[in-house]
Amino acid sequence: MEELLETIRAFVGVHELAPTEGDGGPEIAWGDHFFYYAPDGTVPVRAQPYATIVTKDYPGDALSGLGPAGRWRVNVHVGRARYTELTGAEPGREPAPRDFGAADVILPHPVYGALGWIAVVVPGERTGPTVVALLREAHENARDRAARRAGEAP
């Protein structure tokens, strides 16, 4: 996970929110990472993160089985078209049950897939390069959205 974190942290304009004990963030999020395009270093008021790394199951989001040590999941907002390209399904219309706990496989996000999010539990040899490319793409898309909101050309 550290290698992936270092890669994301090198993106120009990235802002990482990583709640820890004592910083006022909710306990459930301690140890997790939320990534925004925010060159001013402030979490945008009107934007969601474009990617997250979670280290545990959340209430209502336990299908990835992140309880055992060493299991974590990267989640990336890829949009509807890219989601279909990557998963073979339209967001919100899954053709068959999935093993959301499978490691090193690009899957629909078990909760937010309908919104164009994919998830990868412990990316490895099969998915690592693709995950990095998707993160770069999501970062650039977030940058373009921020520019449009500010009335600038991307």
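The values are calculated or read from the model by the stated rules, or taken from the named source; none is laboratory data. Owing to the predicted nature of the structure, the values given are computational and were not obtained by experimental measurement. Don't worry about glycine lacking a Cβ; one is built from the backbone with ideal geometry, like all the others, and counts go over all protein chains shown.
Below is a table of values for the structure above.
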item	result
Unique match (being touching a Gly at 6+ places or on another chain (Cβ under 7 Å) and surrounded by fewer than 17 Cβ atoms within 10 Å (Cβ to Cβ)) among Ala114, Ala102	Ala114
Subset tally (residues that are farther than 22 Å from Gly128 by Cβ and outside any loop (DSSP other than H, G, I, E, B)) for the range 30-63	4
The range 118-135, subset in contact (Cβ under 8 Å) with a residue 40 or more places away in the chain and within 12 Å of Ala102 (Cα to Cα), residue surrounded by the most Cβ atoms within 10 Å (Cβ to Cβ)	Val120
Search result, residues across the range 100-135 that are assigned to a loop (DSSP other than H, G, I, E, B), over 17 Å from Ala62 (Cα atoms) and hydroxyl-bearing (Ser, Thr, Tyr)	Thr127
Only one of Asp61, Asp104 that is over 27 Å from His15 (Cβ atoms) and of a type outside the set (Gly, Ala, Ser)	Asp104
Flag for Ile8 being over 18 Å from Thr130 (Cβ atoms), aliphatic (A, V, I, L, M) and part of a helix (DSSP H, G or I)	no
Residue list for the range 1-37, restricted to those being in contact with a helix residue (DSSP H, G or I) (Cβ under 8 Å, 6 or more places away or on another chain) and surrounded by 13 or more Cβ atoms within 10 Å (Cβ to Cβ)	Leu4, Thr7, Ile8, Phe11, Gly13, Val14, Glu16, Pro19, His33, Phe35, Tyr36, Tyr37
Residue satisfying condition, being exposed (fewer than 14 other Cβ atoms within 10 Å of the Cβ) and of a type in the set (D, E, K, R), within set Arg93, Arg82, Arg143, Arg71	Arg93
The range 136-154 residues that are assigned to a helix (DSSP H, G or I), paired with ones that are at pLDDT 90 or above and of a type in the set (Val, Ile, Thr) (beta carbon under 6 Å, 6 or more apart)	Ala138/Val76
Residues that are in a loop (DSSP other than H, G, I, E, B), in contact with a Pro (Cβ under 8 Å, 6 or more places away or on another chain) and at pLDDT 95 or above, drawn from the range 64-99	Ser64
Close pairs (6 angstrom Cβ cut-off, 6 or more residues apart or separate chains): over 15 Å from Pro59 (Cβ atoms) in the range 20-34, outside any loop (DSSP other than H, G, I, E, B) anywhere	His33/Glu16; His33/Ile53; Phe34/Leu17; Phe34/Thr52
